[in-house]
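Let me begin by presenting the structure, written as structure tokens, before commenting on it.
Since every read-out is calculated from the coordinates, none of them should be taken as a lab result. Here the structure is a predicted model, which is why all the values come from computation and not from measurement. When we count neighbours, we look across all protein chains shown, and the Cβ atoms used for this are built from the backbone with ideal geometry, even at glycine.
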Amino acid sequence: MVKVNSVLGPINTSDFGYTLAHEHIMVNSAGIQQTFPELIDRQGSIEQSVKDLSEAHKNGLRTIVDLTTHDLGRDIRLIEEVSQRSGVQVIACTGTWLDIPRAFTSWAQGPENIAPLYVREINEGIERTGIKAGIIKVASDGKEVTSGEKIVLQAAAIAHKETGVPISTHTSAQGNIGEQQLEILIEEGVDPKCIYIGHSNDNDDIDYLLSLLNKGVWLGLDRYPGGYHVGTPKWERRTEVAKQLIDAGFSHRIMLAHDWSVILDNDSTPPWRLERLNDNPHHYLFIDRVVIPRLRELGVSGEAIKQMMVSNTQAFFETK
Ligand SMILES: [Zn+2]
């Protein structure tokens, strides 16, 4: 058992319960809330998040990992309030997504100058709130890790080595970007067992997924129901792939999640949100209500499901 910082303070990994390892509450862009607040219905988003997460809590959800970084418009007080009111434990992150600030790539010059920023969010807290990050997020998209994304990966590695906090990645479905991320992180001295390669179920190439697992990482099959991005698999195919990986003996290294986010703009329900709700009316409960029953039909054991939804996230956070 290890203590992990949630937005409401330290929690024991043994108290994680049913966990979704890659979600969001509200996603936007850095600075929008301060500069153009009319674009976000902050209070409406809080109320909707409390409603959705309370419903999920009633159905057994206990913990989510919220991978919303500063450049995704992370609002740490919003996350805190939603966790308090819904009863769902939330682990917040430091790190950077794809909107890498110019300061990181030009005048900050080098990962050794970025890493202390992440370390401060882990050890002291985010934006002087005292709310501490429990995980480091990095992101790489497209077919190649860009020079800016590489700086973020290297900075994450330094911050990880200093704090012991694990690393969670965003990948795109294209190419073998997870392997490239892994190579850079290993080169910087990170043990694969402290790395979670996310959005891996946007890619249904079994050889690629198995090669990552064979290198010792955790695999996030964390886009459900999926199919938003052209050419990526629908939930049925994603579930078949999960079954294949389980059959290959990896139920102890896989985590399932949605990459869901609750966000309203000031027109209250924008068309893209209606579209997403149409695809996924169950929000944080799609896996519980649709995927797990299907996995059972396919013959997956209760033990394997418990590993993917409960014990693996604990073990991932316990790894040093
Ligand atoms: Zn995400």
Legend entry - Test: residue in region 6-20 that is within 16 Å of the ligand (Cβ to nearest atom), part of a strand (DSSP E or B), closer than 21 Å to Ala156 by Cα and among the polar types (S, T, N, Q): no
Legend entry - Breaking point among (1) on the phi < 0 side of the Ramachandran plot; (2) out of contact with any strand residue (DSSP E or B) (no Cβ under 8 Å at 6 or more places or on another chain); (3) in a loop (DSSP other than H, G, I, E, B), for Gly142: (1)
Legend entry - Of all residues in region 184-212 being of a type outside the set (Val, Ile, Thr) and within 16 Å of the ligand (Cβ to nearest atom), the one that is farthest from His229 (Cα to Cα): Tyr196
Inset, instruction - Restrict the check to region 86-100 and report whether at least one residue is more than 14 Å from the ligand (Cβ to nearest atom), touching a residue at least 12 places away in the same chain (Cβ under 8 Å) and hydroxyl-bearing (Ser, Thr, Tyr). - result: yes
Inset, instruction - Taking the options Ile64, Ile76, name whichever one is over 25 Å from Thr146 (Cβ atoms) and either crowded, with 24+ Cβ neighbours inside 10 Å or within 16 Å of the ligand (Cβ to nearest atom) (or both). - result: Ile64
Inset, instruction - Please name all residue pairs, on different chains or six or more residues apart, with Cβ atoms under 6 Å, provided the first residue is in region 206-232 and is within 18 Å of Val65 (Cα to Cα) and the second residue is in a loop (DSSP other than H, G, I, E, B) and of a type in the set (Gly, Ala, Ser). - result: Gly220/Gly198; Asp222/Gly198; Asp222/Ala257
Legend entry - region 216-241: number of residues that are surrounded by 14 or more Cβ atoms within 10 Å (Cβ to Cβ), assigned to a loop (DSSP other than H, G, I, E, B) and not charged (D, E, K, R): 9
Inset, instruction - Name the single residue, out of those in region 291-320 being of a type in the set (A, V, I, L, M) and touching a strand residue (DSSP E or B) at 6+ places or on another chain (Cβ under 7 Å), that is surrounded by the most Cβ atoms within 10 Å (Cβ to Cβ). - result: Met308
